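Novice: There's a structure below that I have some questions on.
The values are calculated or read from the model by the stated rules, or taken from the named source; none is laboratory data. All values derive from a computational prediction rather than experimental measurement. Methodologically, a virtual Cβ is constructed for each residue, glycine included, from the backbone with ideal geometry; neighbour enumeration extends over all protein chains shown. Each accessible area value is taken on the protein alone, full model and side chains, heavy atoms only, with ligands, DNA and RNA left out. Shrake-Rupley method; radii C 1.70, N 1.55, O 1.52, S 1.80 Å.
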Amino acid sequence: MKAYADICKMTVTELIEALESGVMTSAEITQAYLASIAAQDADIHAFLDVYTNTALQEAARSDERRKNGKTLSKLDGIPVALKDNMLVKGRVCTCASKMLKDFVSPYDATVTEKLKAAGMVLLGKLNMDEYAMGSSNENSAFGVCRNPWALDRVPGGSSGGVAAAVAAGMVPSALGSDTGGSIRQPASFCGVVGVKPAYGTVSRYGLVAFGSSLDQIGPITKTAEDAALMMDVIAGYDTHDATSDATIPTDFTLERYGSLQGKTIGMPSECFGEGLSRPVNDSIQAAAEQLKNLGAEIIEVSIPSIRYALSAYYVLSSAEASSNLARFDGIRYGYRTEHYDDLDELYRKSREEGFGLEVKRRIMLGTFALSSGYQDQYYLKAQQARDLLRHEYSEALESCDAVLTPVAPTVAFRLGDKTGDPMEMYMGDLYTVTANLTGLPAVSVPCRHVKEDGDTLPVGMSLLGSKNNLQALLSIADTYERKAKPNAGIRPYERLKGGASE
Amino acid sequence: MSWEMVIGLETHVELSTESKVFCSCRAEFGAEPNTHVCPVCMGLPGALPVFNEQVLHHAAKAGFALNCNVHHRSRFDRKNYFYPDLPKAYQISQFYKPICENGWLSLQTSEGEKKIGITRIHIEEDAGKLLHDDENGTLLDMNRCGVPLIEIVSEPDMRSAEEAVAYLRKVRAILTYIGVSDCRMNEGSLRCDVNLSIHRPDEPFGVRTEMKNLNSFQSVERAIKAEYERQVTAVEAGEEIVQETRRYDQKTGKTSGMRRKENSADYRYFPDPDLPEVRLTDAQMKAIKAEIPVLPDARREAYMQDYGLSAYAAEQLTSERWLADYFERTVKTAKSAVSVANLLQGEVFAIISLKASEAEKAGTAAQEGEASLPVSPENLAKLSDMLVEGRVNSSTGKKILAAMFEKDRDPEAYAEQNALFAVSDDAVLKNAVAAVLSQNPAMVESYRRGKPTVEHALMGKAMAETKGKADPERLSLLLHQALETPEE
């Protein structure tokens with residue numbers, strides 16, 4: 001039998017092979033990941049809840065199914081975990097907020113149903129920035145999550161726990177949510193693959209809403225191939241989500257390109273100027289060179305309105321959030337203040353005490369942007385910028401198959417480095433928010449490792465494509481991974497003190 | 001010059017769809033609290049609304065019936081405010097792009113026909129119900145959360161409480177005709193906000209106040225009169241009217257201020273990102289239009305032409321679809337449409353309103369609509385014929401009708417069993433007349449000396465002599481003949 005640390009290094013694809021060939025059971029795999037969590041998570045703090053008992057039961061049932069030739073899907077028996085803003089019936093869903101500390105969901109999110117229907121083993125819930133607002137996971141009410149590559153650095157956010165757990169080999173794949181880069185940026189910081197599908201690809205039913213017109217659920221995995229497998233499970237039209245889009249293809253089976261001959265990759269000049277750190281710029285230029293060597297044609301494209309993107313994003317996402325988070329009022333569920341004299345005070349104190357600083361900042365911002373007298377200047381202007389961006393991206397994508405940009409302007413920064421300056425934190429979302437504003441799919445793929453202050457840190461590149469082309473983006477990413485071998489065997493868990501070792 | 005009142009109404013109507021507007025919970029009234037609920041209508045985290053197409057159909061149908069411009073595209077917006085009966089802390093409504101605009105309906109007023117403009121009709125979801133309880137404090141019933149509503153906003157075209165009530169009755173008539181709502185005010189499926197201002201004719205409108213959630217025709221009428229008086233008194237005393245929301249108190253019959261405009265909530269309306277644009281195709285519109293039945297105005301005209309009813313009677317009988325349907329079914333087997341109309345408007349309505357006020361006193365719910373008239377049209381037609389033919393007189397008719405309300409029965413058989421048919425046998429009637437005349441010689445004497453009014457009193461006595469069953473016309477004739485015949 002393999003040592004658990006070896007199992008935890010395996011990709012979903014490799015685990016499936018092991019299950020299918022009978023080399024391993026789901027029980028063994030599940031135990032290995034639970035052992036990995038036990039060994040590492042005290043340091044990393046990626047998990048907010050670990051479903052030890054039920055995971056082992058589910059694994060046993062999966063093995064039983066496999067024995068009887070009745071597996072539910074290819075991924076039957078593969079462990080999976082969820083960012084703690086997706087609902088699992090009978091389980092606490094906190095959104096990393098004091099507000100929902102004890103909220104037990106009475107229903108399953110559509111993605112949860114789909115994971116269960118595929119026979120996947122739910123390992124638990126993952127840490128995040130409160131209500132998915134943040135880029136460092138430092139806004140969690142239950143403590144920060146650390147980057148497995150360097151424990152004094154952030155894993156990114158808001159799906160920090162998701163990326164950290166996958167990077168550290170505590171779960172082979174997990175689902176995050178992405179409103180302005182919340183899957184892709186932590187994937188980049190943690191050296192894993194993160195997918196933000198086109199808006200409407202994955203049902204939002206049962207995902208606690210942040211910015212309803214921007215939110216999408218997507219997988220974080222070790223490889224593009226694994227991400228495609230996860231997309232096959234979670235994508236699809238849902239009658240419970242009126243914004244889910246039946247016209248988007250749901251088969252993500254990769255095309256195994258021998259080269260990238262015939263593929264055109266556009267690089268927007270606006271994304272390689274001021275604000276981009278040298279190591280990241282060098283990494284993306286190097287990746288472009290590798291893509292070119294694989295046969296792709298690299299061209300320059302232009303998205304002039306990208307200069308409005310960040311402001312538009314923060315206005316729109318905060319406006320929607322201010323309304324979405326109004327339901328957390330202390331009346332029916334969630335946190336309620338202990339002392340109040342009247343209804344007004346109950347509302348005020350429950351929300352004041354239940355929400356963290358960043359969440360309150362965004363609610364204030366959004367409320368202001370929607371106020372009468374200001375709505376035209378802020379909310380409507382932001383919608384106009386959004387329309388411009390949509391138009392410019394669709395034009396750019398007429399001349400190329402994918403748009404290549406950085407995911408984040410820097411590598412993972414140190415804990416506490418940006419907490420004092422929200423504006424600087426927001427600036428880090430520049431390259432990711434456009435995919436949400438336009439609704440287009442984008443993938444974050446590790447492309448290089450750089451040294452910073454003695455730490456080896458991963459850098460991700462972003463590939464963005466047209467609405468129906470996520471499968472093609474993943475195929476390009478897969479080709480790049482297989483041919484350019486950007487990971488070169490470097491994994492963070494090999495460098496963890498007291499972590500998994502054989 | 002006197003002060004004229006200017007009234008505009010906002011009417012909230014619950015649509016009678018099977019399920020709620022954004023989830024599949026049942027929308028029916030009166031279930032056990034919190035039994036028709038789900039994550040969506042309870043506003044749980046992660047839940048999303050999905051629009052019920054039946055609501056679109058009903059709202060468009062109402063729009064066509066109220067002569068509106070029904071739009072191919074409309075959209076939902078969020079109206080943000082905190083209140084415990086609103087689980088999401090926003091109401092999904094249509095603010096920027098309502099489904100219907102620019103309609104009208106017509107009223108019969110004392111000065112003839114009057115058109116009232118309809119500004120817009122939009123779709124929205126109802127809120128829950130707070131139940132205040134001494135023992136448990138305030139409890140929340142979420143069954144009503146997400147029940148579909150349309151809000152019909154009128155132009156400020158009404159000039160009296162009577163017109164406002166007539167407008168409401170007409171809205172109710174039309175909506176019940178087209179079957180999109182049962183419009184039961186006692187169950188809250190028809191509620192009304194009144195906007196009222198005063199001015200001198202030919203001067204601009206004054207500042208208006210709004211009275212919310214009036215739930216009976218009577219309270220609408222009384223609230224308007226009370227608020228008009230208040231405004232006139234205030235203005236004549238040199239005070240200014242402030243724009244505000246006022247509450248009408250049924251007990252005191254007065255209105256009192258609730259919320260001033262400057263303190264009013266900023267609802268921060270914005271398009272609901274969870275719901276795509278609502279679309280209606282030409283084909284859908286055509287199909288919906290084709291479903292609209294003959295409406296009250298057209299029916300009223302027909303009743304006047306075909307049955308010879310008065311404008312008033314025709315208006316009354318067409319005010320509700322069930323009533324008009326009932327009238328038409330009754331007329332089919334009755335000999336006289338006018339008699340049926342008189343019977344319905346007279347004795348039948350009297351019994352219904354008596355029962356309603358008895359129920360109100362007893363604190364129970366009165367039967368409404370069709371259920372308030374438990375007599376079959378065939379039986380009512382028979383009674384009408386018995387009256388027309390003089391086989392029962394009107395007071396006996398009343399008795400029989402009361403018995404028919406208790407149990408829907410054949411009036412012929414009932415009159416037979418209880419010996420209620422009118423006595424028209426001349427021999428019997430002549431005996432009664434002779435008996436009365438001989439018992440009251442003084443009255444006979446005064447009649448003959450030139451006091452014809454005595455005849456009335458004698459008629460009453462003669463009727464009593466027959467225990468009220470005499471055919472009144474015949475009896476009256478025989479009495480008159482006897483009085484006019486000189487004594488032998």
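Novice: Among B:437, B:127, B:422, whose Cα projects farthest towards the positive end of the dipole of chain B, with charges put on the beta-carbon of Lys, Arg (+1) and Asp, Glu (-1)?
Specialist: The one lying farthest along the dipole's positive direction is B:127.
Novice: Something else now. Using the 2.2 N^0.38 Å rule of thumb for compact globular proteins, work out how segment B:21-64 stacks up: its C-alpha Rg over that value, please.
Specialist: 1.36
Novice: Name the residues of segment A:224-266 whose accessible area, probed at 1.4 Å, falls by at least 50 Å² once all protein chains are in place instead of their chain on its own?
Specialist: A:242
Novice: Continuing with this model, one more query. Quick check for segment B:296-417: number of Lys pairs with alpha-carbon distance under 26 Å, counting only pairs 8 or more apart or on different chains?
Specialist: 20
Novice: Work through the residues other than residue A:353 whose Cβ is under 11 Å from its Cβ and net out their charges, Lys, Arg +1 and Asp, Glu -1.
Specialist: Neighbour charge sum, excluding residue A:353 itself: +4.
Novice: In Å and whole numbers, how far do the C-alpha atoms of segment B:4-286 stretch along each principal axis, longest first?
Specialist: Ordered largest first, segment B:4-286 gives principal extents of 56, 53, 32 Å.
Novice: On to the next question. In whole Å, how far is the Cα centre of segment A:105-141 from that of segment B:346-413?
Specialist: 65 Å
Novice: Can I ask one more? Would you work out the charge dipole size for segment B:296-417 about its Cα centre, treating the Cβ of every Lys and Arg as +1 and the Cβ of every Asp and Glu as -1, and quote it to the nearest 20 debye?
Specialist: 240 debye
Novice: While we're here: If you roll a 1.4 Å probe over segment B:426-484 with all protein chains in place, what percent of the accessible area is carbon or sulfur?
Specialist: Roughly 56 percent of what the probe reaches on segment B:426-484 is carbon or sulfur.
Novice: Please give, to one decimal in nm, the separation of the simple spin-label points placed at residue A:485 and residue A:361, each 7 Å out from Cα toward the Cβ.
Specialist: With each label point 7 Å from Cα toward Cβ, the separation is 4.3 nm.
Novice: For labels at residue B:31 and residue B:418 in the simple 7 Å Cα→Cβ model, what's the distance in nm?
Specialist: Computed distance between label sites residue B:31 and residue B:418 equals 4.3 nm.
Novice: If you don't mind, there's one more thing I want to ask. List, in the order given, every pair from A:381/A:418; A:70/A:116; A:83/A:483; A:116/A:222; A:418/A:451; A:196/A:222 whose Cα-Cα distance in the structure shown is over 26 Å.
Specialist: A:381/A:418; A:83/A:483
Novice: In degrees from 0 to 90, rounded to the nearest 10, what is the angle of the helix B:296-307 Cα long axis to the longest principal axis of chain B?
Specialist: 20 degrees
Novice: Run the dipole for the protein assembly as shown about the Cα centre, Lys and Arg Cβ at +1, Asp and Glu Cβ at -1, nothing else charged, and hand back the magnitude in debye, nearest 20.
Specialist: 1040 debye
Novice: Shifting gears a bit: Quote the total accessible area buried by chains B and A together, excluding ligands, DNA and RNA, probe 1.4 Å, nearest 100 Å².
Specialist: The contact between A and B buries close to 2700 Å².
Novice: Which Cα, out of A:243, B:257, A:280, lies furthest along the positive dipole direction of the protein assembly as shown (beta carbon charges, K/R +1, D/E -1)?
Specialist: Among A:243, B:257, A:280, the one farthest towards the positive end of the dipole of the protein assembly as shown is A:280.
Novice: Taking only the alpha-carbon atoms of segment A:223-359, what semi-axes of the equivalent ellipsoid follow from 5 times the gyration tensor eigenvalues under a square root, in whole Å, largest first?
Specialist: For segment A:223-359, the semi-axes come out at 44, 24, 14 Å.
Novice: So what's the gap between the Cα centers of segment B:420-488 and segment B:278-324, to the nearest angstrom?
Specialist: Centre-to-centre distance over Cα atoms comes out at 50 Å.
Novice: Along the Cα-to-C-beta direction of residue A:298, a point sits 7 Å from the Cα; which residues of segment A:402-423 have their amide N less than 13 Å from that point?
Specialist: A:404-406
Novice: Another question about this same structure. Multiplying the sequence separation of residue A:380 and residue A:250 by 0.36 nm and subtracting their Cα-Cα distance, what value in nm do you get?
Specialist: Additional length available on full extension: 43.5 nm.
Novice: Using the Cβ atoms and a cut-off under 13 Å, what net charge is assigned to the surroundings of residue B:387, where Lys and Arg are +1 and Asp and Glu are -1?
Specialist: Computed value for this residue: -1.
Novice: Picking from B:477, A:366, B:454, whose Cα lies most toward the positive end of the charge dipole for the protein assembly as shown (charges on Cβ: Lys, Arg +1; Asp, Glu -1)?
Specialist: Positive-most Cα among the choices belongs to A:366.
Novice: For every other residue with a beta carbon closer than 11 angstrom to the beta carbon of residue A:408, add +1 if it is Lys or Arg and -1 if Asp or Glu, then tell me the sum.
Specialist: Value of the local net charge: 0.
Novice: Further question on the same structure: Evaluate the distance, in nm, between pseudo-label points positioned 7 Å from the Cα of residue B:266 and of residue B:286 along their respective Cα→Cβ axes.
Specialist: 4.8 nm
Novice: Then there is this: Roughly what % antiparallel, to the nearest 5, for the DSSP beta bridges in the protein assembly as shown?
Specialist: Looking only at bridges with both residues in the protein assembly as shown, the antiparallel portion is about 85 percent.
Novice: Can you list the aspartates and glutamates whose alpha carbon sits under 19 Å from that of residue B:254, skipping same-chain ones fewer than 8 residues off?
Specialist: B:162, B:193, B:210, B:221, B:227, B:229, B:236, B:239, B:240, B:244
Novice: Compute, for residue B:254, the solvent-accessible surface of its heavy atoms (probe 1.4 Å) with the complete set of protein chains present, and express it in square angstrom to the nearest 10.
Specialist: 140 Å²
Novice: Turning to a different aspect of this structure: Say R0 is 56 Å: what FRET efficiency, to the nearest 0.05, do residue A:353 and residue B:279 get from their beta-carbon distance?
Specialist: Here the calculated transfer efficiency is 0.80.
Novice: Still on this model: So, with +1 on the Cβ of K and R and -1 on the Cβ of D and E, and no other charges, what is the size of the charge dipole of chain B about its Cα centre, to the nearest 20 debye?
Specialist: My answer is approximately 260 debye.
Novice: By how many nm would the segment from residue B:136 to residue B:395 grow when fully extended, if each residue of separation counts as 0.36 nm and the alpha-carbon distance is taken off?
Specialist: 87.9 nm
Novice: Apply the Kirkwood formula to the protein assembly as shown: the hydrodynamic radius equals the inverse of the mean of 1/r over all pairs of different alpha-carbon atoms; give it in Å with one decimal.
Specialist: After inverting the mean inverse Cα-Cα distance, the result is 33.2 Å.
Novice: Once the mean 1/r over all distinct Cα pairs of segment B:44-160 is inverted, what Kirkwood radius in angstroms do you read off?
Specialist: Averaging 1/r across every pair of different Cα atoms and inverting gives 16.3 Å.
Novice: What angle do you read, to the nearest 10 degrees and between 0 and 90, between the alpha-carbon axis of helix B:161-177 and the longest principal axis of chain B?
Specialist: Tilt relative to chain B: about 80 degrees.
Novice: Quote the convex hull volume per residue of segment A:56-119, based on C-alpha atoms, as a whole number of Å³.
Specialist: For segment A:56-119, the hull spanned by Cα atoms encloses 84 Å³ per residue.
Novice: Follow-up. Once you treat every alpha carbon in chain A as an equal point and sum by Debye, what is log10 I(q)/I(0) at q = 0.05, 0.07, 0.10 Å⁻¹?
Specialist: -0.17, -0.33, -0.70
Novice: Then there's this: Counting each DSSP H run of 4 or more residues in chain A as -39500 (n - 2.57), what helix-only mean residue ellipticity at 222 nm follows after dividing by all residues, to the nearest 500 deg cm²/dmol?
Specialist: Roughly -11500 deg cm²/dmol at 222 nm, from the helical runs in chain A.
Novice: Compute the acute angle (0 to 90°) between the alpha-carbon long axis of helix B:217-236 and the principal axis of greatest extent of the alpha-carbon atoms of chain B; round to the nearest 10°.
Specialist: 70 degrees
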